[in-house]
Each structure stands twice: as C-alpha cells, then as structure tokens.
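Worksheet: one structure, shown below.
Just so it is clear, none of the values below were taken in a lab; they were calculated from the coordinates. Every value quoted in this text rests on a predicted model; they were computed, and no experiment measured them. Because the Cβ atoms are built from the backbone with ideal geometry, glycine has one as well, and the counts that use them run over all protein chains shown.
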Amino acid sequence: MTQYMLIFASALLIVLGIIPFVRKAAIRWGFMDLPSARKVHTHPVPRLGGVAIYLGCIIALVAFGHQFYVAQVVSMLVGATLVSFLGVWDDRHGLRPLFKLAGQTLAAGILYLSGVQVGFLHHPVLNIAATLLWVVGITNAMNLLDNMDGLSGGVATVACIFFFLLAVMSGQYLVASLAAALLGACVGFLYYNLNPASIFMGDSGSLFIGFMLAALGIKLRFPDNVAFVTWMIPVVVLGLPIFDTTLVVISRLRRGLNPLTSPGKDHVSHRLVLMGASQREAVLILYLVCCALGVIAMFLTQASIIEGYFIGVLLVVVAGYALWRLEQVKIEPKE
C-alpha cells in the first residue's frame with residue numbers, strides 16, 4: 001500500500017506544481033479555448049492541462065512503480081502517448097475527426113498486439129473488434145464528456161478510485177499502480193479545473209485519460225467469476241461516459257446531424273442545467289451517479305450469475321428511461 005501512496009502522491013504533487021507553468025506556456029503558444037455558442041465558458045481559458053496530467057502520471061509510474069510492472073505497461077504508455085500527441089495537435093491546429101479516429105485505432109491496435117485485449121469472446125476476430133471498439137469508444141467518450149468545468153476530470157477521478165479498489169481487492173498490482181498514478185494526476189488537475197476553471201485539460205488530456213481508463217478496464221480480471229461479470233464491471237464503472245455518448249449520438253442522428261462533426265450543448269450536463277440545475281450542481285449530480293455505479297460494480301464482483309443478469313437488465317432499463325427523459329429536454333439552438 002505504501003508504494004501506491006507514493007505513486008498517487010507524486011503524481012498529485014507533480015501536476016499541482018507544473019500546472020502554473022503549463023498555463024503560462026498555453027497562453028504564450030496560443031493553446032486557448034475561446035468562447036462560442038456551443039460552449040459554456042464566457043472568456044478564453046488555456047487548454048493544455050492534459051500535458052500536466054500526462055507528465056504527472058508517467059513520471060510517477062517510472063519513479064515509484066515496480067520495474068516489473070512498468071515493463072508490462074510500455075505498450076499502454078506508447079498508445080496513450082500517441083493519442084495524447086494527437087490531442088495536443090488538435091488543440092493547437094485542429095485535426096479532422098477521421099484522422100483522429102485513425103490514430104486512436106492505431107493506438108488500440110498496439111494494445112491488442114501487446115496482449116492487452118478483450119479475450120472472453122469465442123473468435124479472434126470478435127476479440128479484435130471488441131478491443132478496438134472498447135478502446136476507441138471510451139477514449140472518445142471521455143473526450144465528449146469534457147464539456148463543463150471539473151466534469152471529465154472528476155468522472156475520471158471516481159472511476160480511478162473504483163478501479164484501484166477493485167484491483168487491490170483482487171490482488172492486481174499492475175492495475176492498482178496505474179489507477180493510483182492516474183488518480184493522483186486527475187486530483188491534482190481538479191484543483192485548477194473545478195468551477196470556475198483556470199485551465200482546461202483539452203483533447204490532450206481527455207484522450208489520454210480515456211485511453212488509460214479503457215486499458216485499465218481490459219486489464220482488470222476476476223477469474224473467480226464468469227466472463228459476463230468480468231466484462232460487465234468496467235462497463236458499469238464507466239457507465240456515465242458511455243451513457244453520455246449514447247445520448248449524444250442518438251440525439252444528433254434523430255435531428256439529422258453528424259455525431260462526429262456537429263458539437264453542441266446536448267450532453268447530459270447541459271440538459272441538467274436546462275432542467276434547472278446550476279453548472280456546479282449538474283457536475284455534482286454526475287459525480288454521485290458515478291459513485292453509485294462504482295458501488296454497483298463492486299457488488300457485481302461478488303454477485304451470482306442470476307444477480308449479475310438481474311442488475312444488468314435493471315441498469316439497461318434505467319438507462320433507457322433516462323435517455324428518453326433527457327431527450328425530452330429542449331436543446332438550445334446553435335447560434
């Protein structure tokens with residue numbers, strides 16, 4: 001446990017220490033998020049915070065992670081570096097969605113070839129498809145969720161807490177070390193990103209976090225349980241970004257818009273604000289939802305097959321109702 005605390009604390013302190021310098025660099029080099037009709041902030045904000053998250057996580061792992069475990073995560077860090085670099089480029093110059101998608105698919109392929117892959121399906125092609133879909137899907141889901149102060153970083157923090165607890169409880173030290181590093185980096189970033197935010201993580205941060213969370217979900221194992229329970233646990237922990245992405249895709253397709261190229265104020269957080277919550281209240285509500293999903297995921301580790309199926313069906317029903325209810329909220333037209 002001491003090692004985990006060292007990893008967590010070092011990542012936290014590194015991010016806290018370098019964010020002020022990163023913020024100055026972002027202003028100097030033009031990494032600024034300007035206000036627009038589809039955004040909730042009203043003044044330019046630096047958006048290079050993801051670089052601090054990346055550095056804090058990597059340095060903490062290299063400095064305090066067990067060398068045996070560090071060697072196993074090289075492919076994960078290579079893939080995460082690739083998507084983070086694409087995010088940095090997109091934050092400054094902009095990238096076409098298909099180009100970003102190709103880069104994320106390549107990063108997911110690196111994971112698969114290194115052995116970090118979905119393996120419970122009965123055909124290699126299905127496992128490849130599931131791995132690519134999961135990694136690319138979660139990476140983009142965290143990117144889409146980054147639409148309000150403290151939201152994406154806070155959701156990642158809660159997810160890391162539960163991934164860490166689940167890994168420690170099942171003796172998975174590699175996953176626990178990675179989760180501790182990412183947790184410390186996210187907590188350090190939140191100090192500057194909670195409403196009103198003085199810096200945004202940008203795509204460099206949201207894509208990096210999403211990729212790492214997707215990889216952690218694959219690495220998490222529960223050999224004493226059936227495959228259904230094993231794959232269901234990371235899906236539940238990351239249920240909110242999955243739900244938000246599903247809502248946005250359905251909503252935009254229903255309105256005849258391209259989900260990849262038609263950004264707007266149509267996310268869960270925006271709809272909660274339109275329903276009467278303040279921005280801080282909306283973010284807090286979503287934090288609580290993530291906590292509830294994490295508790296359910298921990299229960300699933302001990303659930304029987306029947307209990308697992310029952311909870312799965314119940315979550316699908318609740319999510320379906322929430323999708324229908326939130327879709328009734330009238331979206332503000334883009335200016």
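List of remarks:
- The lysine pair tally for the chain, using Cα distances under 28 Å and a gap of 8 or more places or different chains, is 11.
- From the alpha carbon centroid of the range 64-132 to that of the range 167-199 is 19 Å.
- Over the chain, the pair-distance histogram of Cα-Cα distances with 20 Å bins from zero comes to 32, 61, 7 percent, rounded to whole numbers.
- The range 250-276 versus the range 281-335: alpha-carbon centroid distance in Å: 18 Å
- Per-residue Cβ neighbour counts within 10 Å put TYR321, TYR309, TYR192 in the sequence TYR321, TYR309, TYR192, beginning with the fewest.
- Paramagnetic reach from LEU274 in the range 227-252 [backbone N under 12 Å; point 7 Å along Cα→Cβ]: 248, 251-252
- Ranking of MET148, MET275 by count of other Cβ atoms within 10 Å, fewest first: MET275, MET148
- Difference of contour (0.36 nm per residue) and Cα-Cα distance, TYR191 to ALA292: 34.0 nm
- The stretch between HIS93 and MET1, if pulled fully straight at 0.36 nm per residue, gains 28.9 nm over its current Cα-Cα span.
- Cα-centred dipole magnitude for the range 2-327, charges only on beta-carbon of K, R (+1) and D, E (-1), debye, nearest 20: 660 debye
- Calculated FRET efficiency, MET169 to VAL249, Cβ-Cβ distance, R0 = 45 Å: about 0.85 to the nearest 0.05.
- Spacing of the modelled spin labels on LEU284 and LEU314, each 7 Å from Cα toward Cβ, amounts to 2.7 nm.
- Between GLY103, GLY188, GLY264, the Cα set farthest toward the positive side of the dipole of the chain (charges on each charged residue's Cβ, about the Cα centre) is that of GLY264.
- Taking every DSSP helix (H) stretch of at least 4 residues in the chain, weighting each as -39,500 (n - 2.57) and dividing the sum by the residue count yields a mean residue ellipticity at 222 nm of -24500 deg cm²/dmol.
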